[in-house]
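Report on one structure; see the data block that follows.
The values are calculated or read from the model by the stated rules, or taken from the named source; none is laboratory data. What you are looking at is a predicted structure, and each value in this text was computed from that prediction instead of being measured. With ideal geometry, Cβ positions are generated from the backbone for all residues, glycine too; neighbour counts draw on all protein chains shown. Each accessible area value is taken on the protein alone, full model and side chains, heavy atoms only, with ligands, DNA and RNA left out. Shrake-Rupley method; radii C 1.70, N 1.55, O 1.52, S 1.80 Å.
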2 protein chains.
Amino acid sequence: MSVTLPKGFTAAGTTAGLKPSGKPDVAVVHNTGPSVAAGAVFTTNRVFAAPVKWSRQAVADGQLQAIVLNSGGANACTGAAGYKDSAATAARVADRLGLIIDNVAVCSTGLIGVRLPMDKLLPGVDAACAGLSPDGGADAAAAIMTTDTVPKQAGTTVGEWSIGGMAKGAGMLAPGLATMLVVLTTDADLTAQELDAALREATRLTFDRADSDGCMSTNDTVTLMASGASGVRPEAGAFTAALVDVCQDLARQLIADAEGAHHEIAIEVTGAASERDAETVGREIARSNLFKCAIFGGDPNWGRVLSAIGVTDAAFDADDLDVSFNGVMVCRGGQIGEDRALVDLSGRHVRVTVDLHAGRASATILTNDLTYDYVKENAEYST
Amino acid sequence: MSVTLPKGFTAAGTTAGLKPSGKPDVAVVHNTGPSVAAGAVFTTNRVFAAPVKWSRQAVADGQLQAIVLNSGGANACTGAAGYKDSAATAARVADRLGLIIDNVAVCSTGLIGVRLPMDKLLPGVDAACAGLSPDGGADAAAAIMTTDTVPKQAGTTVGEWSIGGMAKGAGMLAPGLATMLVVLTTDADLTAQELDAALREATRLTFDRADSDGCMSTNDTVTLMASGASGVRPEAGAFTAALVDVCQDLARQLIADAEGAHHEIAIEVTGAASERDAETVGREIARSNLFKCAIFGGDPNWGRVLSAIGVTDAAFDADDLDVSFNGVMVCRGGQIGEDRALVDLSGRHVRVTVDLHAGRASATILTNDLTYDYVKENAEYST
């Protein structure tokens, strides 16, 4: 269940010394082919990091053979010099593995506004390239962690082909928190166009609906490389469905490990006039600090849910809104429903269900509560 | 410096027993004329409370003679029964003071989704009406406090006429946090149309730019009553300028007393292509939990400022952005500027200056840091 689950991939993680903690900080994932088809989606933040600029260009032709990732520095807001650092990192991987430089993507995460120590990074890249192995997925996943407390990996096998993946971060793609980096691999044989379509759909339904704190990173990147090593061309729908499963697994792991979270919250919006409306309402609730603090305090505060719904442009009538916490409908028809004392929020998982009674569409947004520990981590940690 | 500063106003605050704490909870402000001209602005939340529905109708004809306010219950999401409670409260004031019921506005603040105990509220209204006095401004300001630690009052005198005001809450109008209620009074002689224009301009420049936590209340209300008792008709520009001053004073007091805040932050955006761009950028920064935690932690984290700017649609080039914390330009031209160690964030007041280098417009947004105490207050207090 890692990026090396599919055939045709090797990976490695190593310690270059970028982090004061001395933990692993450089990873490489290598697609050994025969196919080099790839797709990627990036942060939509207009202030984006040098590696994002580099990787956008690298994947523009639908081809990638390797991805090099580092924690311990985001290489964002570092200007032309920072961009040269990303290019030099890609060049080093290309040189060591005998690849075209434009087929190497670069991902970075860590503090913004600080140059990477290239004298440490490049030897680390050399070591990672030398250590590439079909069993290296777990090492790679460990090397991209920042404030993550556990590595995140997922994978699935459908008949003859597989999808593998790893992720770091505690947030989402657009918008996203504390940089999210995701590397997905498959040995299915698909064109770059097919990969791009599947990746955009999977991202829309999973990472885009995991909203930990509403902040969008300068470095968010999700890549998908296909080696074609299984020799199988799956049907597009089947591949997309499997990719959604893997991405949803990773998204849940990200939310479960979000900074300082005590509760994992699923906000399910039903009865919406459109999927967009459902998503808009769920996201607005997920971004309400008052709502998030209430969950931390074990308070099924449906008034704060209604306040959040009320600022959206979704179709609804305020007198039709139903809100349930863990199955107890504390607000029915926009008014007081069942006794809030019946709600038990002591468990880690909380499900908030909103019925807009305006249509048949639905969407679920994943988020966290707002806790002392979130404040502590983000007051003390510089990103 | 209270709502009874201008001639032609009496006020009172009393204890009806709506709050478990036993503190004052009902206020009445009475315009004794000769004019009854008034204006008001309300929350734009589509889920709005019964008193907002009542008061919108009451002020629709540009006339108000009294405002009755209660803390200890928001009367929001209480349906038709809650609306009848607001109407009954207005009727009681009209009866006691011999006014037309449609000239009485009602404001409520406190827990959402709970009916008001009318058996306690109405006797409290009677007591307040009986206690109305030209010296009652301070008592009225104390009676509308919820999580406020101090009452908020302001006032100014220009020649023969004055403006007075009181406020409660820790937020803003649109969007707003923990209900903001503001009552403004003047003895200038102005038409309802003139009052409405001045109030909308003042609100736009002050309360709308104080964004404590980005959450919009169901009950936010700002009213302005003119008694005309000075007999003076000020020039519109002079009146608006004075009103802006009073509102800005109250807005600063609201931010200074925001829930759990350790720092008061002024985000000044300059060099914008339009005032709207400047406001958009300032607001996005003010809503970044990561930025707000960094200030709490004493960290001049300009990367989080740039991340927030990057999600707006304002005109700028990422390579032109300058960001200063308390006068130290830690980011110049989108890159590392002066040493961040030079920034001292130990004081209560923090000024973040952003130059977009895209034009000549500017705006300042006031906000707070995100602290343990904010989480504590909002995890433990039900609104």
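With n ≥ 4 as the cut-off for DSSP H runs, can you work out [θ] at 222 nm for chain B, using -39500 (n - 2.57) per run divided by the number of residues, rounded to the nearest 500? Computed mean residue ellipticity for chain B: -10000 deg cm²/dmol.
Ranked from shortest, the separations from the 7 Å Cα-to-Cβ label point of residue B:339 to its equivalents in the other copies are 6.4 nm. Positive end of the dipole of the stretch A:106-234 (Cβ unit charges, origin at the Cα centre): among A:131, A:203, A:180, the Cα lying farthest that way belongs to A:180. In the stretch A:74-116, the residues that give up 20 Å² or more of accessible area when the other protein chains are added, compared with the chain on its own (1.4 Å probe), are A:77, A:79, A:112, A:113. Using R0 = 35 Å, the C-beta based FRET efficiency linking residue B:115 and residue B:160 works out to 0.15. A point 7 Å from Cα along Cα→Cβ stands in for residue A:241, and the other copies hold the same point at 7.1 nm, listed in rising order. Computed from the C-beta positions of residue A:346 and residue B:23 and an R0 of 41 Å, the FRET efficiency is 0.80 to the nearest 0.05.
In this calculation the C-beta distance from residue A:380 to residue A:320 is compared with R0 = 41 Å, giving a FRET efficiency of 0.40. Give the range of the longest stretch in chain A that excludes all trypsin sites (Lys or Arg not before Pro) found in loop regions by DSSP and having at most 12 other beta-carbon atoms within 10 Å. Answer - A:1-347. Inter-part distance, the stretch A:208-268 to the stretch A:76-92, computed on C-alpha centroids, equals 27 Å. Basic side chains Lys and Arg get +1 at the Cβ, acidic Asp and Glu get -1 at the Cβ, and with that the dipole of chain B about its Cα centre reaches some 1040 debye. When both bridge partners sit in chain A, DSSP labels roughly 70% of those beta bridges antiparallel. A Cβ-based charge dipole, computed about the Cα centre of the protein assembly as shown with Lys and Arg at +1 and Asp and Glu at -1, lands at about 340 debye. Using the alpha-carbon atoms, what tilt in degrees (0 to 90, nearest 10) does helix B:79-97 show relative to the longest principal axis of chain B? Taking the Cα atoms of chain B, the angle to B:79-97 is about 60 degrees.
Between A:113, A:33, A:347, the residue with the greatest mean-square fluctuation in the GNM of chain A (Cα pairs under 10 Å linked by springs) is A:347. Distance from the alpha carbon centroid of the stretch B:109-138 to that of the stretch A:1-55 works out to 63 angstrom. Note the distances from residue A:84 to each other copy's matching label point, with points 7 Å along the Cα-to-beta-carbon direction, in nm, sorted shortest first. Once sorted, the set of distances for residue A:84 reads 7.8 nm.
Buried on complex formation within the stretch B:321-348 (loss of at least 20 square angstrom of accessible surface versus the isolated chain, 1.4 Å probe, ligands and nucleic acids ignored): B:335, B:336, B:340. Taken per residue, the accessible surface of the protein assembly as shown reaches 33 Å², heavy atoms only and a 1.4 Å probe. When chain B is treated as a Gaussian network with alpha carbon springs shorter than 10 Å, the biggest mean-square fluctuation among B:229, B:12, B:241 belongs to B:241. Counting only protein heavy atoms, what percent of the accessible surface of the stretch A:264-380 is carbon or sulfur at a 1.4 Å probe? The value for the stretch A:264-380 is 45 percent carbon and sulfur by accessible area.
Between residue A:360 and residue A:373, the distance separating the two model label sites (each 7 Å from Cα on the Cα→Cβ line) works out to 4.2 nm. Working from Cα pairs under 8 Å separated by at least six residues, relative contact order for the stretch B:264-380 is 44 percent.
The angle between the Cα long axis of helix A:236-256 and the main principal axis of chain A comes to about 70°, on a 0 to 90 degree scale. In chain B, which longest range has no GluC sites (Glu not before Pro) that are both DSSP loop (not H, G, I, E or B) and surrounded by at most 14 other Cβ atoms within 10 Å? Within chain B, the longest run free of exposed GluC sites (Glu not before Pro) spans B:1-159.
Solvent-accessible area of the stretch A:9-256 (1.4 angstrom probe, protein heavy atoms only): carbon and sulfur portion equals 53 percent. Summed over both chains, the area buried between B and A is near 4200 Å², taken from the accessible surface of protein heavy atoms with a 1.4 Å probe.
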